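To start, the structure under review is shown below, and the notes come after it.
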Amino acid sequence: MGRRKKGRAISGWVNLDKPLELGSTPAVSQIRRLFDAQKAGHAGTLDPLATGILPIALGEATKTVSFMQDAAKTYEVLVVFGAATATDDREGAVIASSEARPETGDIEAALAQFTGDILQTPPQFSALKKDGKRAYDLARAGQSVALKPRPVRIDTISLLARPDKDHVRLQIECGKGVYIRSLARDLGTFLGGFAHVGALRRTRVGPFLEKTALGLEKLTALGHIGPDLAALDACLLPLETALDDIPALALDDDTASRIKQGQAISPPDSIIAGHVLLTHHGQALAIAAMDDEAGLLKPRRVFNL
């Protein structure tokens, strides 16, 4: 007889507004304890320095995390000119400095160099692995970490404000794998000086928006209302939130039963490729994908709701 899992079998998404100086993993742990959930995971790491949207999946929603990791993201960043740091943000030691400060027009002109499909070298202090070890562990041990440039996509960069000669505030819309710290570093270099991130906020991850996000204080207060956590549970977004951009297909009882058993089914003519959300009586049942060779829809993730 298997061990009974601790916590509640609750599923859904929490649109968390992560506070400053809290890491992504501790944030997930706090939300899991708050909801007394059996299982939790997050979609897209945020550094402790950063604030903003950290979508956290509970229960069966963890099976949809990969869809959110690939989602488009929006950031607002305060870039500080005049100094390069070991971490490419304000937490690191200054390793180089310059009196050069770019003109606002030169900054605006430079932004085009960093939009579209570009190659970007990740910061030395990152979670990427080098020779089987995390880059930040090697960097903290004093080793120089040479990470290879990677292809990333930045859709738009907008100049929001130039509060003074030392700072500029930018908005970035981008895809998966973009390091805003690298962008700030490279922008400073391109403009003939140095730069790093002074503050960073993520305002969107796919369908998760800043205006609907909830902070830890608010969620904690809701968790103290009543013994059954009903007020807290009302904040959960449905599992399907992460799947809003894939087609859905409603199944009858017989076909749903086959999917639950892991069997493939014949798709309607409207489904020719990609992922499909399968539903039964209005509830998410599975994520399926087309098998091109067999011409069938095969379940990839079956939800136990």
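For Thr279, the residues whose modelled amide H falls within less than 5 Å of its own, excluding neighbours fewer than 5 places apart on the same chain, are Leu249, Ala250, Leu251, Leu285. A cut-off of 5 Å between modelled amide H atoms, ignoring neighbours fewer than 5 places along the same chain, links Thr121 with Arg150. Protection proxy ranking of 78-86, 50-58, 208-216, by the mean of other Cβ atoms within 10 Å over each peptide's residues and highest first, is 50-58, 78-86, 208-216. Using the Cβ-Cβ distance between Lys298 and Leu216 with R0 = 41 Å, the FRET efficiency computed as 1/(1 + (r/R0)^6) comes to roughly 0.55.
Of the residues His196, His167, His224, the one that moves most in a GNM of the chain with alpha-carbon contacts below 10 Å is His224. Applied to region 295-305, the Karplus parametrisation 6.51 cos²θ - 1.76 cosθ + 1.60 on θ = phi - 60° returns per-residue 3J(HN,Hα) values of x, 10, 8, 10, x, 9, 9, 9, 8, 9, 9 Hz, with x for Gly and Pro.
Compared with the dominant Cα axis of the chain, that is its longest principal axis, helix 180-190 is turned about 30°. Note that region 18-34 has calculated 3J(HN,Hα) couplings of 5, x, 5, 6, 10, x, 5, 5, x, 5, 4, 4, 5, 5, 4, 5, 4 Hz, one per residue in order, obtained from phi through the Karplus relation 6.51 cos²θ - 1.76 cosθ + 1.60 (θ = phi - 60°); glycine and proline are x.
Across all directions, the average flat footprint of the convex hull enclosing the Cα atoms of region 207-299 is 8.2 nm². Projecting each Cα onto the charge dipole of the chain (Lys/Arg +1, Asp/Glu -1 at the beta carbon, about the Cα centre), which of Ala184, Leu20, Phe35 comes out farthest on the positive side? After comparing all options, I get Phe35. Would you please give the FRET efficiency between Ser66 and Glu103, computed as 1/(1 + (r/R0)^6) with r the Cβ-Cβ distance and R0 = 51 Å, to the nearest 0.05? For R0 = 51 Å, the calculated efficiency reads 0.75. Each of Leu119 and Ile246 was given a label point 7 Å from its Cα along the Cα-to-Cβ line. The distance between the two points is 3.3 nm.
Here the simple spin-label model places points 7 Å from the Cα toward Cβ, and for Lys148 and Arg258 these points are separated by 4.4 nm. In order along region 110-116, the phi-based Karplus estimate (6.51 cos²θ - 1.76 cosθ + 1.60, θ = phi - 60°) of 3J(HN,Hα) comes to 6, 4, 5, 5, 10, 10, x Hz; Gly and Pro are listed as x. Per residue, the average separation of C-alpha pairs within less than 8 Å and at least 6 apart gives the chain a relative contact order of 20 percent.
If you wrap the Cα atoms of the chain in a convex hull and average its projected area over all directions, you get 20.2 nm². Most simply put, the chain has about 85% antiparallel DSSP beta bridges, counting only bridges with both residues inside it. Its Cα gyration tensor gives region 31-126 an equivalent ellipsoid. The semi-axes, each the square root of 5 times an eigenvalue, are 35, 18, 12 Å from largest down. Relative contact order of region 246-302, taken over Cα pairs closer than 8 Å and 6 or more residues apart, is 36 percent. Note on region 246-302: the C-alpha convex hull projects to 3.4 nm² when averaged across all orientations. Placing +1 on each Lys and Arg Cβ and -1 on each Asp and Glu Cβ, with no other charges, gives the chain a dipole about its Cα centre of roughly 1220 debye.
Structure note, pairs Lys5/Lys218; Lys211/Lys260; Lys73/Lys260; Lys39/Lys298; Lys18/Lys298; Lys148/Lys211: Cα-Cα distances above 29 angstrom occur for Lys211/Lys260; Lys73/Lys260; Lys18/Lys298; Lys148/Lys211.
Once the chain from Glu21 to Ile95 is taken as fully extended at 0.36 nm per residue, the excess over their C-alpha distance is 24.4 nm.
Every read-out reported here was derived from the displayed coordinates using simple, explicitly stated rules and does not represent laboratory data. Note that the coordinates shown come from a computational prediction; the quantities given were computed from them, not determined experimentally. A quick note on method: Cβ atoms are made from the backbone with ideal geometry, for glycine too, and the neighbour counts reach across all protein chains shown.
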